[in-house]
Amino acid sequence: TDQTAFRVKTRTDSDVIDMSLWSEILVIIELGVIAASATNTVTVKDSDASAGTYTTITGKTQAIVNTDDAKQFLISVKAEEMNTGARYIKVTQDNSAHSQLMSILVLGRPKYGPATDNDLSSVQPVVV
C-alpha cells in the first residue's frame, strides 16, 4: 500500500488489492503519538469489482483511541474470510481530523510465485 496516501485526513483508502493473487494479507498498524481527543478506525473492506462498492469484512476493524500511543495492531485477512463473491480488498482509515502519527503497511502471502511479482508500480527494483 502506498504510504503517502495515509496522511492527516478524515478518511483515506489504500490501493486496491486483488485477492486472487494472495491467500492472506496482514495489515500492520503502527502508532506514534495520538492526539488527546482523537478517535480512529482502520477497517478492511472488500468488493467484487476493483472500482465497486466496498463492504466491511466482519471482524476486520480496529478502533484506535487516544490511549493507544506507541502501540501496534495487526489485522489478518484470509481469502476465505471475505464476503461471498468478493475479489478485491482495500484498507480504510477514518479519523477525527486530529494530527496523529500512524503508519499502515499491508503484506501479503502469495498464492503462487514470489510476492515480489505483484507490487505497486512505485516500488523500486527489489534486492534479492
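The values are calculated or read from the model by the stated rules, or taken from the named source; none is laboratory data. Fair warning: this is a prediction, and the values are worked out from it, not measured in the lab. All Cβ positions, even for glycine, are placed from backbone atoms using ideal geometry, and neighbour counts span all protein chains on display. Each accessible area value is taken on the protein alone, full model and side chains, heavy atoms only, with ligands, DNA and RNA left out. Shrake-Rupley method; radii C 1.70, N 1.55, O 1.52, S 1.80 Å.
In table form, for the structure just shown:
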| quantity | calculated |
| --- | --- |
| Stretchable slack from residue 37 to residue 21, in nm (0.36 nm times residue separation minus alpha-carbon distance) | 1.8 nm |
| Average projected area [Cα convex hull, the chain], square nanometres | 8.2 nm² |
| Accessible area expressed per residue, the chain, with surrounding protein chains retained (probe 1.4 Å, Å²) | 57 Å² |
| Options 105, 41, 124, ranked by Cα towards positive dipole end of the chain, top entry (Cβ charges) | 41 |
| Mean separation of Cα contacts under 8 Å, 6 or more apart, over the residue count of the chain: relative contact order % | 41 percent |
| At 1.002 mPa s and 20 °C, Stokes diffusion of the stretch 62-128 via Kirkwood alpha-carbon radius, µm² per second | 138 µm²/s |
| Cα centre as origin, Lys/Arg/Asp/Glu Cβ charges: the chain dipole, Debye | 160 debye |
| For the stretch 120-127, Karplus couplings with θ = phi - 60° (6.51, -1.76, 1.60), whole Hz, Gly/Pro x | 5, 5, 7, 6, 6, x, 7, 8 |
| Ranked by how many other beta carbons lie within 10 Å on average, peptides 11-20, 47-56, 84-93 from highest | 84-93, 11-20, 47-56 |
